[in-house]
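Written below as structure tokens is the structure these notes are about.
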Amino acid sequence: MQHTVSTTVPTEFLCIKEAASFIGMSPAFLRKQARLGRGPDRARCGKVLVFPVAGLRRYVAAQTEARVPAASARAGELQA
């Protein structure tokens, strides 16, 4: 019986370039947010910033949610 070992690495974490692409921002934006203590969840592996995919999804959802009520309020003002 032959056993195979999977060599794929789970993509639970993304490097800064991958994370920036995932959320549609630049790596510089993510670095600045991390320096200011804001932005998506992150961790450090030595000197490297890594971002959990689940945290990036939560961040995008929160940003989208924050913009939708403001947009609908402006739409209501235009109709009045």
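A few remarks follow.
- Neighbour net charge for Val53 - beta-carbon separation under 11 angstrom, K R +1, D E -1: -1
- Full-stretch length increase - Ala66, Phe29 - with 0.36 nm per residue and alpha-carbon distance subtracted: 11.5 nm
- Summing +1 for each Lys or Arg and -1 for each Asp or Glu among the other residues whose beta-carbon sits under 13 angstrom from that of Ala20 gives +3.
Bear in mind these aren't lab numbers, they're just calculated from the coordinates by the rules spelled out. The structure presented is a predicted model; accordingly, all values stated were derived computationally and were not measured. Note: ideal-geometry Cβ built from the backbone for every residue, glycine included; neighbour counts use all protein chains shown.
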